[in-house]
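Encoded as structure tokens, the structure appears first; notes follow it.
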């Protein structure tokens, strides 16, 4: 860490803070969705599934695609710009691995189920075991959101560590 310039440290601070800020904003949206929107569409399946339909409901697909993409770019930039600062880099890599694992879980479980629920909204005859499926989805979503919140909270001490390197 001896050859870290002020300019390098400034960029590291900037990208880590941007990534942390975006993560907290994303957490706010996840908390809102989990506490307000999810209970509405899971309340009486399949009758409320129309809330999930693009153009007729509250489609959050585009929002989440953009937001997660933006966040993952800033997270990767934070790792790149903190690379020479090994204690911060190592924790960022661990947190990114956790984040990435939850994103894979999202894409392999949560997204396909939402797509299935949207199909049921359009064709109710496709409904199979909806109460159990929506209940499981909702419960696991609490776990997923909690993990995302934990990762973002763990970024805060890394920001503090970076800022303390100047002194």
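May I ask for the angle, rounded to the nearest 10°, between helix 86-105 and the longest principal axis of the chain, with both axes built from Cα atoms and the value confined to 0 to 90°?
Approximately 10 degrees, to the nearest ten.
Nearest 10 degrees, 0 to 90: what angle lies between the long axis of helix 130-164 and the longest principal axis of the chain (Cα atoms)?
10
Before rounding to the nearest 500, sum -39500 (n - 2.57) across all DSSP H runs of length at least 4 in the chain and divide by the residue total; then give [θ] at 222 nm in deg cm²/dmol. Let's see the in-between values first.
Working: 6 runs with 120 residues, N = 167.
For the chain, the value works out to -24500 deg cm²/dmol.
Taking neighbour Cβ counts within 10 Å as the exposure measure, how do 68, 167 sort from fewest upward? Could you put the intermediate results ahead of the total?
Numbers: 68 16, 167 4.
Going from sparsest to densest Cβ surroundings: 167, 68.
Specify whether the C-alpha gyration tensor of the stretch 18-106 places it in the rounded, prolate or oblate class, a ≥ b ≥ c being the square roots of the eigenvalues: rounded for a/c under 1.5, otherwise prolate if a/b is larger than b/c and oblate if not. Working shown, then result.
Values: a/c = 3.15, a/b = 2.70, b/c = 1.17.
Since a/c reaches 1.5 and a/b is larger than b/c, the shape of the stretch 18-106 is classed as prolate.
Output the 0 to 90 degree angle, nearest 10, between the alpha-carbon long axis of helix 61-81 and the longest principal axis computed from the alpha carbons of the chain.
20
I need the shape label for the stretch 72-162. Rule: rounded when a/c is under 1.5, else prolate if a/b > b/c, else oblate, with a, b, c from the alpha carbon gyration tensor. Display every interim value, and only then the final one.
Numbers: a/c = 4.49, a/b = 2.91, b/c = 1.54.
It comes out prolate by the Cα gyration axes.
What's the exposure ranking of 162, 35, going from fewest to most Cβ atoms within 10 Å? The partial results should precede the final answer.
On the way: 162 23, 35 11.
Ordered from fewest to most neighbouring Cβ atoms within 10 Å, 162, 35 come out as 35, 162.
Read-outs throughout are calculated quantities, based only on the coordinates presented, and are distinct from any laboratory measurement. Note that the structure is a prediction, hence the values are computed from the model and not measured. Note: ideal-geometry Cβ built from the backbone for every residue, glycine included; neighbour counts use all protein chains shown.
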